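Here the structure is laid out as structure tokens; the discussion comes afterwards.
Any read-out appearing in this document is the output of simple, stated calculations on the displayed coordinates, not a laboratory observation. If you're wondering where the values come from, they're calculated on a predicted model, not measured in any experiment. Cβ coordinates were reconstructed from backbone atoms using ideal geometry, including for glycine residues, and neighbour counts include every protein chain displayed.
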Amino acid sequence: ALDDAIIPGGSSVTINVSSSVKSIVVQGTSTITMNQSLSFTNASSFSANTTVNWNTGSLYGGGTLTNNGSIIMNTASSRYISGATTLINNGTMTMPDGGYFYLYDTSILNNTASGTFDIQSNAYVQYSGSGHNFINAGLLKKSGGNGVSYFYAVLTNTGTISVENGTLDMYYLAKNFN
């Protein structure tokens, strides 16, 4: 049986091997570095002052992860949300160093009204399979990189899209605007 993982405030944890937990709760001013994949099946969360350095790997397992802190995709590598996994972003997600962010199968990224997803480079938001969705009720912006960032995933937008630098190329799947 899988266990729940609770990371207390002030901790620094590096995930260097693929890991599976029932749930993960990261508290306080903790820092998590993800160098491999993390599977979780139950509701999980990153607290408001948590920093997650998501270097590579997948979030999968079918659970829902609520980010209230900062997720920084700070390498040019690929990151994946797979299967029926949902990431709710109430905080900030950034892509400062290029790379790829994939939504696979029926995965969902829900950038809520308080959330910011900031492409600070010439990065890609990609997809594989059907049923995935990038829901933006907050701020989706491209603030860095003088070139082109490609947004290929299905996008349901009721929020704000801002291009402050370079070009954001919206693929035909990125078309549900309200």
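Sort 10-22, 91-103 by the packing proxy (mean of other Cβ within 10 Å over each peptide's residues), most packed first.
Answer by packing, highest mean first, reads 91-103, 10-22.
I'd like the projected area of region 106-163, averaged over all directions, using the convex hull of its alpha carbons. Report it in nm² with one decimal.
3.6 nm²
Of all the C-alpha pairs in region 1-101, what % are more than 20 Å from each other?
Working: 1415 of 5050 pairs.
Roughly 28 percent, once rounded to a whole number.
P(r) for region 49-154: what percent of alpha-carbon pairs falls in each 5 Å bin, starting at zero?
Values per bin, smallest distances first: 3, 14, 24, 29, 22, 7, 1, 0.
Please give the contour-minus-distance gain from residue 114 to residue 13: 0.36 nm per residue of separation, less the Cα-Cα distance, rounded to one decimal in nm.
33.7 nm
Stick to Cα atoms and the Kirkwood definition of Rh, then tell me Rg/Rh for the chain.
My calculation puts Rg/Rh at 0.95.
Give the long-range amide H neighbours of residue 97: residues separated by 5 or more places, or on another chain, with amide H under 5 Å away, using H modelled in the peptide plane at 1.01 Å from N.
So residue 97 has HN proximity to 75.
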